[in-house]
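To start, the structure itself, in structure tokens.
The values are calculated or read from the model by the stated rules, or taken from the named source; none is laboratory data. Here the structure is a predicted model, which is why all the values come from computation and not from measurement. Cβ placement follows ideal geometry from the backbone for every residue including glycine, while neighbour counts extend to all protein chains displayed.
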Amino acid sequence: MKINEIFYSLQGEGHYTGTPAVFVRFAGCNLKCSFCDTDFTSFTEMTEDDIVKEIGQYPTNHIVITGGEPTLQITASLVSKLHEAGKYVQIETNGTNVLPEGCNIDWVTCSPKYKAVRLQHIDELKVVFEGQDMSQYDGLTASEYRLQPCDTQDEGKNKEILRQTIDFILKNPKWKLSLQTHKILNVR
């Protein structure tokens, strides 16, 4: 498997904000988002056993499978091995691919980006908000709905997007605010 990095930190976004987690960042993505803040092009080849062994060095049971786009590589056997090791597995995906048969992820965070969502099950729908028409997400069912202001790297634009995000949530209370707390706190 092509792994960009494995690191231990706090989950900075969404439902599990503040939770200690091991992040397994898969290399490669099927989209090119203008606001992407992740280098997912470099990688090291690792076996599933290598990944489980690396994760085992850290004291948490919460694992976040992310990318790039992790559904391009994730396997049911890796998830099974993580469960056998007592791990809780969360995936962060753009939702453009279905999960492999038998891939029993514990928590699915879908952050759609411009393409149709093909996932059959979503626990948390997390939309990066830039002021877009939100009606495109009306047909998606999730346990939780999160709206995250897009970080444009421009302080003025970010303030305006945050204001629009809060206004939208106040008018549409099924949505909750998600902030990138790891950026706010300068935590990896």
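Residue by residue through the stretch 118-129, note down the ones that are assigned to a loop (DSSP other than H, G, I, E, B) and either of a type in the set (A, V, I, L, M) or surrounded by 21 or more Cβ atoms within 10 Å (Cβ to Cβ) (or both). Talk me through it step by step, then tell me what you get.
The first filter runs over the stretch 118-129 and keeps only residues assigned to a loop (DSSP other than H, G, I, E, B), leaving 118-123.
Hits for the stretch 118-129 are Leu119, Ile122.
Filtering the stretch 30-46 for residues that are at pLDDT 95 or above and under 15 Å from Met1 (Cα atoms) leaves a non-empty set. Within the stretch 55-81, the set of residues being within 11 Å of the chain's Cα centre (by Cα) and assigned to a loop (DSSP other than H, G, I, E, B) comprises Gly67, Gly68, Glu69. Could you tell me whether Tyr145 is aromatic (Phe, Trp, Tyr), at pLDDT below 90 and either surrounded by 19 or more Cβ atoms within 10 Å (Cβ to Cβ) or farther than 21 Å from Phe23 by Cα (or both)? Against the criterion (aromatic (Phe, Trp, Tyr), at pLDDT below 90 and either surrounded by 19 or more Cβ atoms within 10 Å (Cβ to Cβ) or farther than 21 Å from Phe23 by Cα (or both)), Tyr145 does not qualify. Would you be able to say whether some residue in the stretch 131-139 is free of Cβ contacts under 8 Å to residues at least 12 places away in the same chain, in a loop (DSSP other than H, G, I, E, B) and either surrounded by 12 or more Cβ atoms within 10 Å (Cβ to Cβ) or touching a Leu at 6+ places or on another chain (Cβ under 6 Å) (or both)? Within the stretch 131-139, one or more residues are free of Cβ contacts under 8 Å to residues at least 12 places away in the same chain, in a loop (DSSP other than H, G, I, E, B) and either surrounded by 12 or more Cβ atoms within 10 Å (Cβ to Cβ) or touching a Leu at 6+ places or on another chain (Cβ under 6 Å) (or both).
Looking across the stretch 108-165, just one residue is among the aromatic types (Phe, Trp, Tyr), over 13 Å from Gly95 (Cα atoms) and out of contact with any Ser or Thr (no Cβ under 7 Å at 6 or more places or on another chain), and that is Tyr145.
Restricting to the stretch 66-93, what's the tally of residues that are within 19 Å of Asp123 (Cβ to Cβ), buried (at least 16 other Cβ atoms within 10 Å of the Cβ) and out of contact with any helix residue (DSSP H, G or I) (no Cβ under 8 Å at 6 or more places or on another chain)? Going through the stretch 66-93 one residue at a time, the tally reaches 9.
Restricting attention to the stretch 101-117 and to residues that are surrounded by 15 or more Cβ atoms within 10 Å (Cβ to Cβ) and free of Cβ contacts under 8 Å to residues at least 40 places away in the same chain, the residue that is farthest from Ile55 (Cα to Cα) turns out to be Val117. State yes or no: is Gly156 over 18 Å from His15 (Cβ atoms), more than 19 Å from the chain's Cα centre (by Cα), among the small types (Gly, Ala, Ser) and surrounded by 12 or more Cβ atoms within 10 Å (Cβ to Cβ)? Spelling it out, it is not the case that Gly156 is over 18 Å from His15 (Cβ atoms), more than 19 Å from the chain's Cα centre (by Cα), among the small types (Gly, Ala, Ser) and surrounded by 12 or more Cβ atoms within 10 Å (Cβ to Cβ). In the stretch 82-116, how many are among the charged types (D, E, K, R), part of a loop (DSSP other than H, G, I, E, B) and more than 15 Å from Tyr16 (Cβ to Cβ)? Summing the residues that are among the charged types (D, E, K, R), part of a loop (DSSP other than H, G, I, E, B) and more than 15 Å from Tyr16 (Cβ to Cβ) in the stretch 82-116 gives 3.
State yes or no: is Leu177 surrounded by 14 or more Cβ atoms within 10 Å (Cβ to Cβ), under 16 Å from His15 (Cβ atoms) and at pLDDT 90 or above? Step through it out loud before you land on a result.
Details: surrounded by 14 or more Cβ atoms within 10 Å (Cβ to Cβ): yes; under 16 Å from His15 (Cβ atoms): yes; at pLDDT 90 or above: yes.
For Leu177, the condition - surrounded by 14 or more Cβ atoms within 10 Å (Cβ to Cβ), under 16 Å from His15 (Cβ atoms) and at pLDDT 90 or above - is met.
A search for C-beta distances below 6 Å between a residue of the stretch 156-173 that is of a type in the set (A, V, I, L, M, F, W, C) and any residue that is surrounded by fewer than 16 Cβ atoms within 10 Å (Cβ to Cβ) and modelled with pLDDT of 95 or more, counting only pairs 6+ apart in sequence or on different chains, returns Ile169/Leu177.
For the stretch 141-175, enumerate the residues that are assigned to a loop (DSSP other than H, G, I, E, B) and acidic (Asp, Glu).
As a first pass, look at the stretch 141-175 and keep what is assigned to a loop (DSSP other than H, G, I, E, B): 141-143, 150-154, 172-174.
Matches in the stretch 141-175: Asp151, Asp154.
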